[in-house]
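Colleague: This is the structure I want to talk about, given as structure tokens.
The values are calculated or read from the model by the stated rules, or taken from the named source; none is laboratory data. No experiment lies behind these values; they were computed from the predicted model shown. Because the Cβ atoms are built from the backbone with ideal geometry, glycine has one as well, and the counts that use them run over all protein chains shown. Each accessible area value is taken on the protein alone, full model and side chains, heavy atoms only, with ligands, DNA and RNA left out. Shrake-Rupley method; radii C 1.70, N 1.55, O 1.52, S 1.80 Å.
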Amino acid sequence: MAEKIRIKDIAERAGVSVGTVDRVLHKRPNVSATALKRVEKVLKEMNYQPNVYASALAYNKSYTFYCLIPKHTSEAYWEEIEIGAMKAVEARRDFYIDLEIMYYSRLDPHSFVETYQKCLRKNPDGVILVPTTLELTRQFTDELHERNIPFILLDSYMPSLQPLAFYGQDSIQSGRFAARMLMLIARNEQTIMLMKQTKDGKMASRQQENREVGFRHYMEEHFPKVKILEVNLPLDEERKRYDHILEKFFSEHPEVHHCITLNSKAHIVGKFLLKTKRHDVQIMGYDVVHKNADCLRAGSISFLIAQHAYQQGYFSIDSLFHAIVLKKKVEPVNYMPIDLLTPENIDFYHRSWG
């Protein structure tokens, strides 16, 4: 088999030294034209396939990848991405790979600029990036392209930025899926509530914006008469104010029994519903963070849509490893499954495949 061919075998067949074969395989100088021709002929005849893993190990080079993600609390969606990425680095520890995680505020453009400029000063070998606006992100990615630094996009797919790869859900389809699942249990409702979190009227995530586009398109196509009432829990507002906002809404709209949010904070409403004993109201949301899972089991969250944050972090590192260390091609667009979780199956949902 090709992988069992030894350098010694190639040297004997080509009539050259082992050192000459090694220099040819690693494209080093000081090989005569005659010897090069002999070795290349033997390699072709023997269908030699280099062991890229062994070559990468022998090269003995260290690599540092940088991951730029939003600032977050513990047990948040982004933490799962971090854990997955660190697990992938651990799995490749023999290849001298290191990971540095940098945080920025999605609500502060200056924070993103300062963070990516700091990253560039570190001269990264590869970057994993949760983008902000297209315009701001392009400033960073243009510089990465200029320096030939590969980067992976998470959360929002922006093909015009030409990333090495993207990992995440198809946000439009995810929003449509959310609407379809919600209306399976809210088919007879005249009014539903959409919980949003914004600052200065803007959502922090383009992914959430796209989910809402898909959600509203589905509702317009299939349930045009259902009224969608929005409740905004401002991102810069104190948490204790949320209960007041929610109490006012549900007191004024007793007809609402089903709610949805397109972010990972369904537990804010879920905990409120449990605390105020509104057992005839449920909310549907995204992401398997512990607080959401607890509300799902308690019955205040109807469904959770999972998007495999852990795997996104893991596979992002793996793609950089294959592209940069092993010099292999990677799949450019990687849409994650859209999984629906209920109290009956959430305990079987595992963050890792390996």
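Colleague: Applying 1/(1 + (r/R0)^6) with R0 = 30 Å to the Cβ-Cβ distance of Leu25 and Asn123, what FRET efficiency is obtained, to the nearest 0.05?
Modeller: According to the calculation, E is roughly 0.55.
Colleague: Please list Leu153, Leu340 from largest to smallest accessible area, probe radius 1.4 Å, with all protein chains kept in place.
Modeller: Ranking Leu153, Leu340 by accessible area, largest first, yields Leu340, Leu153.
Colleague: Within the accessible area of the chain, what % is carbon and sulfur when the probe is 1.4 Å and the other protein chains stay in place?
Modeller: Answer for the chain is 49 percent, counting heavy atoms of protein chains only.
Colleague: Measure nothing but the geometry: give the 0 to 90° angle between the long axis through the Cα atoms of 309-320 and the longest principal axis through the Cα atoms of the chain, rounded to 10°.
Modeller: In the chain, helix 309-320 runs at an angle near 20 degrees to the longest axis.
Colleague: Note down the relative contact order for the chain as a percent, whole number, built from C-alpha pairs under 8 angstrom at least six residues apart.
Modeller: This gives 17 percent for the chain.
Colleague: I would also like to ask the following. Where the only charges are on Cβ atoms (+1 Lys, Arg; -1 Asp, Glu), what is the dipole of the stretch 210-303 about its Cα centre, to the nearest 20 debye?
Modeller: Charge dipole, the stretch 210-303, about its Cα centre: 320 debye, nearest 20.
Colleague: Another one. Using only alpha carbon positions, build the gyration tensor of the stretch 222-354, then give the equivalent ellipsoid semi-axes as the square roots of 5 times its eigenvalues, largest first, whole angstrom.
Modeller: Three semi-axes, in Å: 36, 16, 15.
Colleague: Give the separation of the Cα centroids, the stretch 164-235 to the stretch 245-322, in Å.
Modeller: Between the Cα centre of the stretch 164-235 and that of the stretch 245-322, the gap is 13 Å.
Colleague: Using the Karplus curve 6.51 cos²θ - 1.76 cosθ + 1.60 with θ = phi - 60°, what ³J(HN,Hα) values do you get for each residue of the stretch 268-275, in whole Hz, with x for Gly and Pro?
Modeller: Residue by residue, the stretch 268-275 yields 4, 6, x, 5, 5, 4, 5, 5 Hz.
Colleague: Follow-up question, since we're still on this one. Considering only DSSP beta bridges with both partners in the chain, what is the antiparallel share in %, to the nearest 5?
Modeller: 10 percent
Colleague: Which order do Asp9, Asp94 take by accessible area at a 1.4 Å probe, largest first?
Modeller: Order by accessible area, largest first: Asp94, Asp9.
Colleague: Further question: Would you please put 97-105, 326-334 in order of how densely packed they are, using the mean number of other Cβ atoms within 10 angstrom per residue and starting with the highest?
Modeller: Going by the mean number of other Cβ atoms within 10 Å, highest first, we get 97-105, 326-334.
Colleague: Taking only protein heavy atoms into account and a 1.4 Å probe, give the accessible area per residue of the chain in Å².
Modeller: 52 Å²
Colleague: While we're on this one: Could you compute how much accessible surface Phe348 exposes when probed at 1.4 Å, giving the result in Å² to the nearest 10?
Modeller: About 150 Å², ignoring ligands and nucleic acids.
Colleague: Please work out how much accessible surface Val42 shows to a 1.4 Å probe, ignoring ligands, DNA and RNA, in Å² rounded to 10.
Modeller: Accessible area, nearest 10 Å²: 10 Å².
Colleague: Right, something else. For the chain, with only Lys/Arg (+1) and Asp/Glu (-1) charged at the beta-carbon, what is the dipole magnitude about the Cα centre, in debye rounded to 20?
Modeller: Result for the chain is approximately 1100 debye, rounded to the nearest 20.
Colleague: Okay, next question. How much accessible area does Leu36 have with a 1.4 Å probe, in Å² rounded to the nearest 10?
Modeller: 60 Å²
Colleague: So how tilted is helix 77-91 from the main axis of the chain? Cα-based, degrees 0 to 90, rounded to 10.
Modeller: Helix 77-91 and the main axis of the chain meet at about 20 degrees.
Colleague: So how do 118-130, 196-208, 308-320 stack up, highest first, on mean other-Cβ count within 10 Å?
Modeller: Result, highest mean first: 308-320, 118-130, 196-208.
Colleague: Using the Karplus curve 6.51 cos²θ - 1.76 cosθ + 1.60 with θ = phi - 60°, work out ³J(HN,Hα) for each residue of the stretch 34-44 in order, rounded to whole Hz, and write x for Gly and Pro.
Modeller: Working through the residues one at a time gives 5, 5, 4, 5, 4, 5, 4, 5, 5, 4, 5 Hz.
Colleague: Related question: On a 1.4 Å probe surface of the protein chains, which of Val213, Val89 comes out largest in accessible area, and what is the full order?
Modeller: Val213, Val89
Colleague: Rounded to the nearest 10 degrees, what's the angle between the helix 171-185 long axis and the longest principal axis of the chain, both from Cα atoms, 0 to 90?
Modeller: Helix 171-185 sits roughly 40 degrees off the main axis of the chain.
Colleague: In whole Hz, what ³J(HN,Hα) sequence does the stretch 101-113 give by Karplus (6.51, -1.76, 1.60; θ = phi - 60°), x for Gly and Pro?
Modeller: Result, ordered by residue: 9, 10, 10, 9, 8, 5, 9, 10, x, 5, 4, 5, 4 Hz.
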